[in-house]
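Please read the structure below before turning to the comments.
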């Protein structure tokens, strides 16, 4: 295959993956505590094509990694007594699904039928000892401190299990707005700056994402034109060569 075609197709594939991430970011603009992602290009070591004429050094790239923006989103006031937001960027609530422990920044909590604190998707919210947090249904509305200590009146329910990680952007998505530690050891967050009655919003910047989408679209159009022009040039060359031989 012609080098121009390979370069054009490689660019199209890379741009398509970048567009997928931009579209996913925009689709999650209203997802609580969602973190925006940007595709990273890596150089392909085993190049699929080489040139015998100038320029000889043809480079190909691929999108195999991404950068995740782990900055904290804006805290939106809800007034809900079980809505909690973390102002500290590197801080995560610990929750349990089945036998597995995961982490989340989505603090939209509620009480289940047994008065246990759960996420809006039913995962058990854990205290600092890894235990379920059980409320008194007659104990009145809870209050919470910046460090995560929850009280009902004068009774301490417990301290929320809030943890930080050495490399938070290396956490792996596990679905349901949850993260798995990916081999990292969680450490207790000393001052997570917890706030009550708020929910962390997505940190997606709509203007930046739309601008990136336009740039990718224009680049894709240019790559498509390169592929089309290379194909037309090859057809013309074959046609002329056939006429000469005839």
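Extending 7 Å from Cα along the Cβ direction at residue 120 and again at residue 31 yields two label points whose distance is 1.3 nm. Its Cα gyration tensor gives the stretch 75-200 an equivalent ellipsoid. The semi-axes, each the square root of 5 times an eigenvalue, are 22, 16, 13 Å from largest down. Using R0 = 22 Å, the C-beta based FRET efficiency linking residue 111 and residue 145 works out to 0.65.
Between residue 205 and residue 97, the modelled labels are 3.1 nm apart [label points 7 Å from Cα along Cα→Cβ].
Model label points for residue 187 and residue 65, set 7 angstrom from Cα along the Cα-to-Cβ axis, are 2.3 nm apart.
Each of 193, 228 has some number of other Cβ atoms within 10 Å of its Cβ, and from fewest to most they run 228, 193.
Taken together, the values in this text are just the output of simple stated rules run on the coordinates, not laboratory data. A quick note: this is a predicted structure, and the numbers were derived from the prediction, not measured. Positions of Cβ are backbone-derived with ideal geometry, glycine not excepted, and every protein chain shown enters the neighbour counts.
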